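Down below is the structure, laid out as structure tokens.
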Amino acid sequence: MRKFNVAVVGATGAVGEEIFRILEEKKFPVANLIPLASKNSVGKEVKLLGKTYKVKELTEDIFEKEEVDIAFFSAGGSISAKFCPIAAESGAVVIDNSSHFRMDEDVPLVVPEVNPEDISAWKVRGIIANPNCSTIQMVLSLKPLDDLYGIKRVDVSTYQATSGAGKKGMEELVKQMQDFFAFRLDESKKEAFMHQIALNVIPHIDTPQPNGFTREEMKMVNESQKILHKNFELAATCVRVPVLRSHSESITVTFNDGVDIDLDRVKGALNNFEDVEVMDNLEEGIYPMPIIATDTDITYVGRIRKDIYESNILHFFNVADQLRVGAATNAVRIALKWIELESE
Ligand code: NAP
């Protein structure tokens, strides 16, 4: 089997570190690994499949010099904007975790279980975009439901973990909790988030938009429509909560007029969908929670119930590890699908 030279840009970040774990778990066919970060991280070590690699500085000529075949990017939008085209130009297929290219018409935006066929458009720009973390776990549960009944509208509220803002987000929550127990929470720094995140919830993620929504909320609207190839209505409220890892979402779906929801069929459709699992027994306290989803590659769905007024409205709750399902695992799954397509 062919092996590939794999670059990971953002190798020392929350998503980058998770990519190494997933490459290891999936025994990814790596010929050479090139971990890349800023010059502050040069020389740090990364272990993968029994070998140790040293982090190198991200430079313009590194992709050509190292003959990179596959480049995973997770170092933020401005790094992607500058370096993804350079990596693609040097012959690599780029899988980008930032939001920079997601809505470009000639860049496929892919969740492999939902729209794997879109990967074939990678050749146009050499770039495949990974959707926003909240979008990925939501479309994983929307796709089987859309196939079943046809979605007309979605209303979603998110409960997003602090690691969604990278390592600094997780560290800030831990530090503020330590400061709380030391009676000095008032002096604790607020850098990753605008407000105190410990013992609080913040209904504000990313920048405000002229329509009153935030950029994170509009990403969920625009990206979901692009992935599902459908212009359904969607309204999102994105909220940061004091959880370290795994995003949760409370979702209300309105199906086409005239649909009379059958809950057994809904649960069957969700359970039969790749990488989605129903976990739903309210009497026994069984439902998805961040501590259940963390470190897994499954999107868990529970609290599935019909609306008490309308027969075509469904409510449910879903949870997934956003560093894995919402970023690293999705990126590695895209790469594996790409390899499959290219070797046909
Ligand atoms: P993070 O923990 O803050 O890590 C950032 C990474 O980028 C580090 O490896 C850092 O290297 C590197 N970097 C920063 N400036 C650089 C530069 N000038 N040159 C080279 N490398 C540089 O952030 P993260 O959470 O992993 O997120 C990274 C990207 O993934 C973002 O675009 C984010 O939107 C996206 N994403 C994140 C999540 C999530 O849940 N966290 C989910 C989906 C997508 P140094 O250590 O050397 O500074």
field: Counted residues, segment 146-193 - those being of a type outside the set (A, V, I, L, M) and either within 30 Å of Asn231 (Cα to Cα) or open to solvent by less than 50 Å² (accessible area, probe 1.4 Å) (or both)
entry: 21
task: Return yes or no: is Ser99 open to solvent by less than 10 Å² (accessible area, probe 1.4 Å) and either in a helix (DSSP H, G or I) or closer than 24 Å to Pro35 by Cα (or both)?
output: no
- prompt: Is it true that some residue in segment 235-253 is surrounded by 19 or more Cβ atoms within 10 Å (Cβ to Cβ), outside any helix (DSSP H, G or I) and at positive phi?
  reply: yes
message: Just the residues that are within 13 Å of the ligand (Cβ to nearest atom), β-branched (Val, Ile, Thr) and under 21 Å from Leu23 (Cβ atoms), please, taken from segment 56-84.
response: Ile62, Ile79
query: Do we have any residue at all in segment 270-280 that's closer than 25 Å to Ala14 by Cα, among the hydrophobic types (A, V, I, L, M, F, W, C), open to solvent by less than 80 Å² (accessible area, probe 1.4 Å) and touching a Gly at 6+ places or on another chain (Cβ under 6 Å)?
result: no
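So if I check each of Val319, Val301, Val332, which one is buried (at least 21 other Cβ atoms within 10 Å of the Cβ) and more than 16 Å from the ligand (Cβ to nearest atom)? Break it down into steps so the answer makes sense when it comes.
Details: Val319 fails: more than 16 Å from the ligand (Cβ to nearest atom); Val332 fails: more than 16 Å from the ligand (Cβ to nearest atom).
One residue alone meets the criteria, Val301.
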field: Filtered residues of segment 41-67 (kept if among the charged types (D, E, K, R) and outside any helix (DSSP H, G or I))
entry: Lys44, Glu45, Lys47, Lys51, Lys54, Lys56, Glu57, Glu60, Asp61, Glu66, Glu67
query: Does Ala88 qualify as being within 14 Å of Trp338 (Cβ to Cβ), touching a Lys or Arg at 6+ places or on another chain (Cβ under 8 Å) and surrounded by fewer than 24 Cβ atoms within 10 Å (Cβ to Cβ)?
result: yes
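Within segment 120-143, work out how many residues are surrounded by fewer than 21 Cβ atoms within 10 Å (Cβ to Cβ) and assigned to a helix (DSSP H, G or I). Give the steps one after another, and end with the answer.
The initial filter retains those residues of segment 120-143 that are surrounded by fewer than 21 Cβ atoms within 10 Å (Cβ to Cβ), namely 120-121, 123-126.
Filter again for assigned to a helix (DSSP H, G or I), leaving 120-121, 123.
Looking only at that region, the number is 3.
Among the residues of segment 257-269, count how many are open to solvent by 40 Å² or more (accessible area, probe 1.4 Å) and not basic (Lys, Arg).
If we filter segment 257-269 for residues that are open to solvent by 40 Å² or more (accessible area, probe 1.4 Å), which is where we start, we get 257-258, 260, 262-265, 267.
Okay, now just the ones that are also not basic (Lys, Arg), so 257-258, 260, 262-264.
Number of matching residues: 6.
Run down Pro29, Pro35 and say which single residue is open to solvent by less than 50 Å² (accessible area, probe 1.4 Å), within 16 Å of the ligand (Cβ to nearest atom) and touching a Lys or Arg at 6+ places or on another chain (Cβ under 9 Å).
Only one candidate passes the filter, namely Pro35.
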query: Name the pairs whose Cβ atoms lie under 8 Å apart, with the first residue in segment 1-24 and without any contact (Cβ under 8 Å) to a residue 24 or more places away in the chain, the second within 15 Å of the ligand (Cβ to nearest atom) and open to solvent by less than 10 Å² (accessible area, probe 1.4 Å), and 6 or more positions between them or separate chains?
result: Glu17/Ala11
- request: Report the residue count in segment 85-120 for those that are within 16 Å of the ligand (Cβ to nearest atom) and acidic (Asp, Glu).
  value: 2
- line: Among the residues of segment 154-183, the number that are within 16 Å of the ligand (Cβ to nearest atom) and either on the phi < 0 side of the Ramachandran plot or aliphatic (A, V, I, L, M) (or both) is 17
- request: Could you grab the pairs with beta carbons closer than 6 Å, sequence gap of 6+ or different chains, first residue in segment 56-71 and assigned by TED's automatic domain parsing to the domain that holds Ala11, second one open to solvent by 50 Å² or more (accessible area, probe 1.4 Å)?
  value: Glu57/Lys39; Glu57/Val42
- prompt: Residues in segment 105-121 that are in contact (Cβ under 8 Å) with a residue 24 or more places away in the chain and farther than 22 Å from Arg324 by Cα: how many?
  reply: 1
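The values are calculated or read from the model by the stated rules, or taken from the named source; none is laboratory data. Only a predicted model underlies this, so the values are computations on that prediction, with no experimental measurement involved. Cβ: placed from backbone, ideal geometry, glycine included. Neighbour counts: every protein chain shown. For accessibility, only protein heavy atoms count, side chains too; no ligands or nucleic acids. Shrake-Rupley method; radii C 1.70, N 1.55, O 1.52, S 1.80 Å.
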